[in-house]
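The values are calculated or read from the model by the stated rules, or taken from the named source; none is laboratory data. Worth saying up front: this structure is predicted, and the values here are computed from it rather than measured. Note: ideal-geometry Cβ built from the backbone for every residue, glycine included; neighbour counts use all protein chains shown. In case anyone asks, the SASA skips ligands and DNA or RNA and just uses the protein heavy atoms, side chains included. Shrake-Rupley method; radii C 1.70, N 1.55, O 1.52, S 1.80 Å.
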Amino acid sequence: MSEPTEDQLAFVDDVAVFFEREGLPLISGRVIGWLLISDPPEQSAARLAEVLQVSRSSISTATRMLTPSGLVEGVRRRGERQEYFRIAADGWSRMLERRYALATSFRQVTERGLRALEDASPERRERLANVHELYGFLEHELPAMLQRWRDRNEDEDRA
C-alpha cells in the first residue's frame, strides 16, 4: 500500500471540488476521488481518514451519505470485522439512474404547477412551461441513453 503522491492528492481535491459544486460536502467528494484511484480499490475507514487527513467520524458521515446512491459500497473480507469501501462496479450507472428518476419527479411537480397556473397569462406560465418541457425531454431521453451505454459495455465484454 503506497502513499499517495501530490499529483494524486491534487486529483482527489479536483474531484472533491467538482462534487461540491454538485451539492455534496467536500469530504464526500474527496472520498470519491480517492476511491477512484486507490490501490487496493477497497479502503478501510481508517485508511481513508489517514490519506485524506480527516477524522474517522468525517469518513463515517461521508460513506453513509455516499452508499445510498449506489456509487460507493461497503464490503467485508472473510474473517475480518472491518468494513472496506469501494466504488461499486456499476455505481456510476446506479447513481445516474437515481438522478434520472428525479427528472420524472420534478416533471410531475412542474405539471402540478402548470395546473395551478391554468388561468394565468402565457407570459407568467412560460418559465415553468420551459422547465416542464425540458424535464419531460430528459425523462424520455436519459433512460434510453443509459441503455445505449449498457449495450455498448455488453458488446465490449463479448468482444
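Of note:
- Residue list for region 112-124, filter: open to solvent by less than 70 Å² (accessible area, probe 1.4 Å) and not polar (S, T, N, Q): Gly113, Leu114, Leu117, Ala120
- Among the residues making up region 1-46, those that are assigned to a loop (DSSP other than H, G, I, E, B), more than 19 Å from Ser69 (Cβ to Cβ) and not small (Gly, Ala, Ser) are Met1, Glu3, Pro4, Thr5, Asp39, Pro40.
- Residues in region 108-152 that are touching a Lys or Arg at 6+ places or on another chain (Cβ under 6 Å) and closer than 26 Å to Glu97 by Cβ: 3 in all.
- Of residues in region 67-114 being of a type in the set (Phe, Trp, Tyr) and farther than 17 Å from Leu35 by Cα, the one modelled with the highest pLDDT: Phe106
- Residue check for Glu133: closer than 30 Å to Asp13 by Cβ, open to solvent by 100 Å² or more (accessible area, probe 1.4 Å) and modelled with pLDDT of 95 or more: no
- In the condition set (1) open to solvent by 20 Å² or more (accessible area, probe 1.4 Å); (2) over 18 Å from the mean Cα position of the chain (by Cα), Leu24 is compliant with all but (2).
- Index of the failed condition, Val17 passing every other in (1) open to solvent by 40 Å² or more (accessible area, probe 1.4 Å); (2) under 25 Å from Glu80 (Cα atoms); (3) among the β-branched types (Val, Ile, Thr): (2)
- All told, Ala49 falls short of being open to solvent by less than 20 Å² (accessible area, probe 1.4 Å), touching a Ser or Thr at 6+ places or on another chain (Cβ under 6 Å) and modelled with pLDDT of 95 or more.
- Residue, nearest to the chain's Cα centre (by Cα), within region 47-75, restricted to residues that are free of Cβ contacts under 8 Å to residues at least 12 places away in the same chain and assigned to a helix (DSSP H, G or I): Arg64
- Residue among Arg99, Arg86 that is under 18 Å from Pro40 (Cβ atoms) and either open to solvent by 70 Å² or more (accessible area, probe 1.4 Å) or aromatic (Phe, Trp, Tyr) (or both): Arg86
- Filtering region 59-75 to residues that are under 17 Å from Leu26 (Cα atoms) and out of contact with any Pro (no Cβ under 9 Å at 6 or more places or on another chain) leaves Ile59, Ser60, Thr63, Arg64, Leu66, Thr67, Ser69, Leu71, Val72.
- Annotation note: Cβ proximity below 6 Å between a residue of region 6-33 that is more than 20 Å from Arg99 (Cα to Cα) and a residue that is among the polar types (S, T, N, Q) and at pLDDT 95 or above (sequence gap 6+ or interchain) occurs for Ile27/Ser58.
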